[in-house]
Amino acid sequence: MLLVEMVGELNASHHGLSGGDYPNEVERYPVALLGAELEPDQATGLYRFKRIYKGSRSESRFYAPLDADYVKIREGDYLLAINGKRSLPMRTISNIS
């Protein structure tokens, strides 16, 4: 009988318990991927498209920008500019844009 009373008290006293403080929402930014692997070319000092991934046209989350019909880039081509800014030789990719 004592055990039943203790379990009853435990249930009643913890009935309104929640997970505690909730952290503030983190501001998120949409990130897009190019859909390609780049490799440095020591001879030219530029980056070359090593592999271009094919996307899925039926599902938008698998969209591959370089696989679009109007994009004329092939594996082996060089990355010369991003958003109109000429890429400097062997710069970190994240610093180009």
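The values are calculated or read from the model by the stated rules, or taken from the named source; none is laboratory data. Quick caveat: nothing in here was measured; it's all calculated off a predicted structure. Neighbour counts run over all protein chains shown; Cβ positions are idealised from the backbone, glycine included.
Which of the residues belonging to region 45-68 are of a type in the set (A, V, I, L, M) and in a helix (DSSP H, G or I)? Write out each step before concluding.
Taking region 45-68 as the starting set, the residues that turn out to be of a type in the set (A, V, I, L, M) are 46, 52, 64, 66, 68.
If the condition is that a residue be of a type in the set (A, V, I, L, M) and in a helix (DSSP H, G or I), then LEU66 is the only one that fits.
If you scan region 13-59, which residues turn out to be at pLDDT 85 or above and among the basic types (Lys, Arg)?
ARG48, LYS50, ARG51, LYS54
If you take the residues of region 69-92 that are closer than 25 Å to ARG57 by Cβ and outside any loop (DSSP other than H, G, I, E, B), which of them is modelled with the highest pLDDT?
LEU79
Say we look at region 37-63 and pick out the residues that are of a type in the set (Gly, Ala, Ser) and touching a Pro at 6+ places or on another chain (Cβ under 9 Å); which of these is surrounded by the fewest Cβ atoms within 10 Å (Cβ to Cβ)? Let's see the steps before the verdict.
In the first step, residues of region 37-63 are kept if they are of a type in the set (Gly, Ala, Ser); the result is 43, 45, 55-56, 58, 60.
Among the residues that remain, those that are also touching a Pro at 6+ places or on another chain (Cβ under 9 Å) are: 45, 55.
Numbers: GLY45: 12, GLY55: 17.
Here the residue is GLY45.
What's the number of the only condition in (1) surrounded by fewer than 10 Cβ atoms within 10 Å (Cβ to Cβ); (2) modelled with pLDDT of 75 or more that VAL4 fails to meet?
Failing condition for VAL4: (2).
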